[in-house]
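Inspection log for the structure reproduced underneath, given as structure tokens.
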Amino acid sequence: MPDVVLHCLGCPSLSCLVCSSWQRMQNDKDLPDTLVKRLIRRRRVEIKYETEAKAEPNTSPSEATTQGNERCDGGVDGRRDEGEGGWEPPQWRQVLKNLQAMRAAQDAPVDSMGAEQCIEQGAEPKVYRFQVLISLMLSSQTKDQVTHAAMTKLRQHGLTPDSLLNTSDTTLGELIYPVGFWKKKVAYIKKTCEILKRDYEGDIPSTVKEMCQLPGVGPKMAHLCMDIAWGKLTGIGVDTHVHRISNRLGWTRHPTKTPEETRIALEAWMPKDLWSNTNLLMVGFGQQICLPVGPRCGECLNKAMCPYGKNASHGSSKKGSPRKTQKRKHPE
């Protein structure tokens, strides 16, 4: 592993996840490429390899910076690839800056208990990737706190394809309960382990198409797994939070009905260097402010620019019954 100079941009706290993650990485020679790429995209860092050849004289500074590493610093000045449509949401750069400001503390449940926080530190690459996949499978329709607790029990039990295949369905169910649809996930996990052993030598697939062929794995999980496990940015991971918030903000050209429709709509205009951080940014925002029911629009910096937030009727989390509302409007 070459000597590396890491510079954290705008570190919001002394317990910056960039710094702590990098300290762990320095003693781990097996995971540099994947995790370095991840830090570059998700944690606003600049990184320079001292042993790499210098850029050619005719290479511009911007080209030299992006060679071998994508520019994914979470900024608001990224550009779409050539050939993409010209539509973009009004004032989206300012909206994004406000989202980043509201998420600067990184204190939402996803920041400390999300999929990336559930993995065994120091695990060998193949095990690391497998645990990322299992974490994402468990997280579907499940709170991060519950997923994190289940992953902790699984790691203590032994979280490899072999160990899970040698575990009874009853025991596996007890380990992951009460994640959402835990009975189905027991079957999905067992079948997935069989497929990985048979077709991938115990590793996980390295393409979105193959990932989606695993039982219980959809596009959201596949894109997130490619990003986290393989360090390959293939698309935006759109879950219910990203889907809801994108439509509320008007970040889709037309209203979308499914997360997959939302992913396609977002990728049509959003600069690619922002894709990786979109899930983490919006999930935490959805957990703390833009709630599914009773969103805290009064606390949101984007209220004046958000089509949903401009509607004053969203200010209360409780709705009265139609009968009581009618009585208040027309007292006897």
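At-a-glance table
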quantity	calculated
Condition broken by Leu138, with the remaining ones in (1) at pLDDT 95 or above; (2) in a loop (DSSP other than H, G, I, E, B); (3) crowded, with 19+ Cβ neighbours inside 10 Å satisfied	(2)
Verdict on Val132 being β-branched (Val, Ile, Thr), open to solvent by 20 Å² or more (accessible area, probe 1.4 Å) and either touching a Ser or Thr at 6+ places or on another chain (Cβ under 9 Å) or assigned to a helix (DSSP H, G or I) (or both)	no
Qualifying position, being among the acidic types (Asp, Glu), touching a Phe, Trp or Tyr at 6+ places or on another chain (Cβ under 9 Å) and over 30 Å from Cys300 (Cβ atoms), among Glu174, Glu210, Glu201	Glu210
For Ser135: the one exception among (1) touching a residue at least 40 places away in the same chain (Cβ under 8 Å); (2) under 13 Å from the mean Cα position of the chain (by Cα); (3) closer than 20 Å to Val186 by Cβ	(1)
The stretch 124-142, subset of a type in the set (A, V, I, L, M) and touching a Lys or Arg at 6+ places or on another chain (Cβ under 9 Å), residue farthest from Leu172 (Cα to Cα)	Leu136
So Val238, is it under 20 Å from Pro271 (Cα atoms) and outside any loop (DSSP other than H, G, I, E, B)	no
Count of the stretch 182-230 residues which are of a type in the set (Gly, Ala, Ser), over 17 Å from Leu164 (Cβ atoms) and not in a helix (DSSP H, G or I)	2
Filter result (outside any helix (DSSP H, G or I) and without any contact (Cβ under 8 Å) to a residue 24 or more places away in the chain) within the stretch 166-181	Asn166, Thr167, Ser168
Breaking point among (1) touching a helix residue (DSSP H, G or I) at 6+ places or on another chain (Cβ under 8 Å); (2) outside any helix (DSSP H, G or I); (3) of a type outside the set (Phe, Trp, Tyr); (4) surrounded by fewer than 16 Cβ atoms within 10 Å (Cβ to Cβ), for Ser163	(2)
Residue in the stretch 253-262 that is in contact (Cβ under 8 Å) with a residue 24 or more places away in the chain and part of a loop (DSSP other than H, G, I, E, B) present	yes
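Residues are listed down the side, and each one gets a yes or a no for (1) farther than 22 Å from Pro219 by Cα; (2) open to solvent by 60 Å² or more (accessible area, probe 1.4 Å); (3) of a type in the set (Val, Ile, Thr):
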| site | (1), (2), (3) |
| --- | --- |
| Ala105 | yes, yes, no |
| Val110 | no, no, yes |
| Thr142 | no, no, yes |
| His148 | no, no, no |
| Lys153 | yes, yes, no |
| Val179 | no, no, yes |
| Lys191 | no, yes, no |
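The values are calculated or read from the model by the stated rules, or taken from the named source; none is laboratory data. Since this is a predicted model, take the numbers as computed values, not measurements. Quick reminder, even Gly has a Cβ in these numbers, built from the backbone with ideal geometry, and neighbours come from all protein chains shown. SASA here: full protein model, heavy atoms, side chains in, ligands and nucleic acids out. Shrake-Rupley method; radii C 1.70, N 1.55, O 1.52, S 1.80 Å.
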